[in-house]
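No value in this document is a laboratory result; all are computed from the given coordinates. Only a predicted model underlies this, so the values are computations on that prediction, with no experimental measurement involved. Here the Cβ positions follow ideal geometry from the backbone for every residue, glycine too, while neighbour counts run over all protein chains shown.
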Amino acid sequence: MGTYLITGATGVIGTAVAELLQEDRHDLILVGRSPDRLATLVEHLGSPVLGQTQAISRERLTGSPSVASNIQTLVLDLTEPRRMEAALAVAELPDRLDGVVHSAGVVQLGRVADLEADDWIDQLMVNLVGAAELTRLLLPALRTAEGHVVFVNSGAGLRTQPGWSAYAAGKHGLRALADALRAEEPSLAVTSVFPGRTASEMQRKVRAQEGAAYDPEVFIQPLTVAKVIVHALETPHDAVVTDVTVRPRELR
């Protein structure tokens, strides 16, 4: 078993990754901005909630040996990366991490002529700066385990189009962050995953901003993306999946 930290854990991709890793009996640290949503996720995963940053063992509390995962929650606001170090200092995180999955993200579409500074700042903080700062703070634990960092990027991290400038800028930066980290930390595995449009509340918002209907059935399902992420995490140590693009079978 390993220990994995997941940001954006209450989002659909983060939740699906948590479910798959728990099935494989890994310990989890679930990171999100809302304590209530994190508590709901822990209940969904089948473990009673004992409080923020507190570890719980499903095997110990239920007597069931089928899932022996410890689940820890951590309330963290990625829009305020300067406060992360203080938050982690009191969180009692483990000394080693086998992996970190950065799946948190926000989007606000708009043309360059229309986006204001706050629109850029909010997206860049969550989609890029927050991921960079959290990675920096977790590097000692990752180095100890020779761990794996997965950045859930986007097709917008490879190309952009009108109205996507701020979001794409953050995702292009996230790709650069992953490439630099891979070169600087040779003991770590670093993967960028570039999903196409995925069924989610974020996609519902995007479709509304585009003035189009939202039908989750026509997009990639979150579990599909999660399986790609977990497959990358479970790649044997003699290799690393560096970049993987996940596209719908039929582009829409």
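General observations
- Kirkwood Rh (inverse of mean 1/r, distinct Cα pairs), the range 167-218, angstrom: 13.3
- A Gaussian network model of the chain, with springs between Cα atoms under 10 Å, assigns the largest mean-square fluctuation among D119, D27, D36 to D36.
- From largest to smallest, the equivalent ellipsoid semi-axes obtained for the range 108-179 from the alpha-carbon gyration tensor read 28, 13, 6 Å.
- Remark: the chain carries a charge dipole of roughly 420 debye about the Cα centre, counting +1 on each Lys and Arg Cβ and -1 on each Asp and Glu Cβ.
- Summing Lys and Arg as +1 and Asp and Glu as -1 over all other residues whose Cβ lies under 15 Å from the Cβ of A86 gives a net charge of -2.
- Helix content alone sets the calculated 222 nm mean residue ellipticity of the chain: runs of n ≥ 4 DSSP H residues at -39500 (n - 2.57) each, divided across all residues, give -12000 deg cm²/dmol.
- Couplings 3J(HN,Hα) of the range 175-187, computed from phi: 5, 5, 4, 4, 5, 5, 4, 4, 6, 7, 10, x, 7 Hz, in residue order, whole Hz [Karplus 6.51 cos²θ - 1.76 cosθ + 1.60, θ = phi - 60°; x for Gly and Pro].
- Segment Q161-V75, extension gain: residue separation times 0.36 nm, minus the distance between their alpha carbons: 27.6 nm
- The Cβ shell under 13 Å around G11 holds other residues with a net charge of +2, Lys and Arg each +1, Asp and Glu each -1.
- Structure remark: mean-square fluctuation, Gaussian network model of the chain, C-alpha springs under 10 Å; the largest value among V101, V152, V75 belongs to V75.
- Relative intensity of the range 143-252 on a log10 scale, I(q)/I(0) at q = 0.15 Å⁻¹, equals -0.70, per a Debye sum over C-alpha point scatterers of equal strength in the absence of solvent.
- Computed over the alpha carbons of the range 188-252, Rg followed by Dmax gives 14.2, 47 Å.
- Whole-Å semi-axes of the chain's equivalent ellipsoid (Cα gyration tensor): 28, 20, 19
- Fully extended contour minus Cα-Cα distance, from R143 to V244, at 0.36 nm per residue: 34.0 nm
- Share, in percent, of DSSP beta bridges within the chain that are antiparallel, nearest 5: 5
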